[in-house]
């Protein structure tokens, strides 16, 4: 896992959503993500024509983050229990999340200074922030110098798609974009509902 | 760690920025020792007092070395190693995520973590988090694929 942006220096009492809202990346996120091509997923059937909707490139967050066009949070536990479609989508999103949780664990394991409370923060909190930032730089540096193992290539191969969900048909009708920007998660949810209903009827 | 020192000197070209001039008064501490003292501090979590006798330098000198190497890393390596990926790298990450989750469109992921610190003497209460200790909150954004070509 490679860090592409780090925001260090917010006190521990500030919550994740507020940090994201004020982070440097948040301002440029939309422009940056619009470079990537959108994908299309089937969200339903109307008059024997498959309805497809656009999924813009997005970033996956946990349930603390806002639900918007370019960021898709996972669901809270209460939401999962009430609806099996939500639970199914959450399962898929959560399957990727566990690797994310590991990324900070790897960093903290590699730099033992994070195992105990940092000393230098008592007098000079600014230096503590610099030191943490330097560790993130070194972490990426270490990935670069010893990453000839092709470790991540295994992840590309490990799972073949059993539902054929990857073989999307691009010739199908594409719904015109809705005028109001809608949270991408809602579209994914409709896609999931459509997939599950298809399975039920078969 | 020695492996890393070699790469930091050669691969990242950090050496010229942390090498100090020898004077008539005394020779300077070699850049490798400076980097090694820094790495000893962050990678093994040793205190300045513990590092001091290892390299035969005073504990306040260790502190100076750690400060200098930290700022050299941030000045000269930050923009090289922490930057947004190119479109091609992003697309590879998208493919990797899609194969794993069967959901298209995921470029990266965002997450936060708390770095445990001692209570800062100034505005200490602000650093007390919901988990019950003093911390700095760090937000990171990742790609699934590690390599960048």
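The values are calculated or read from the model by the stated rules, or taken from the named source; none is laboratory data. Note that the structure is predicted; figures quoted are calculated from it, not measured. Positions of Cβ are generated from backbone atoms using ideal geometry, with glycine treated the same way; all protein chains shown enter the neighbour counts.
Things to note:
- Checking residue B:109 against (1) over 14 Å from the mean Cα position of the chain (by Cα); (2) in contact (Cβ under 8 Å) with a residue 24 or more places away in the chain; (3) surrounded by fewer than 16 Cβ atoms within 10 Å (Cβ to Cβ), the condition it does not meet: (3)
- Filter result (within 11 Å of chain B (Cβ to nearest Cβ) and either outside any strand (DSSP E or B) or within 23 Å of residue A:17 (Cβ to Cβ) (or both)) within segment A:43-63: A:55, A:56, A:57, A:58, A:59, A:60, A:61, A:62
- Count of segment A:113-144 residues which are part of a helix (DSSP H, G or I) and surrounded by 15 or more Cβ atoms within 10 Å (Cβ to Cβ): 21
- Test: residue B:139 is within 7 Å of chain A (Cβ to nearest Cβ), at pLDDT below 85 and not in a loop (DSSP other than H, G, I, E, B): no
- Flag for residue B:80 being out of contact with any strand residue (DSSP E or B) (no Cβ under 7 Å at 6 or more places or on another chain) and within 25 Å of residue A:4 (Cβ to Cβ): yes
- Residue in segment A:64-102 that is nearest to the other protein chains (Cβ to nearest Cβ), counting only those that are surrounded by fewer than 16 Cβ atoms within 10 Å (Cβ to Cβ) and in a loop (DSSP other than H, G, I, E, B): A:66
- Looking across segment B:62-96 at every residue that is more than 8 Å from every other protein chain (Cβ to nearest Cβ) and out of contact with any helix residue (DSSP H, G or I) (no Cβ under 8 Å at 6 or more places or on another chain), the one that is nearest to residue B:29 (Cα to Cα) is identified as B:64.
- Top-ranked residue of segment B:36-58 - restricted to ones that are more than 23 Å from residue B:115 (Cβ to Cβ) and exposed (fewer than 14 other Cβ atoms within 10 Å of the Cβ), ranked as farthest from the other protein chains (Cβ to nearest Cβ): B:56
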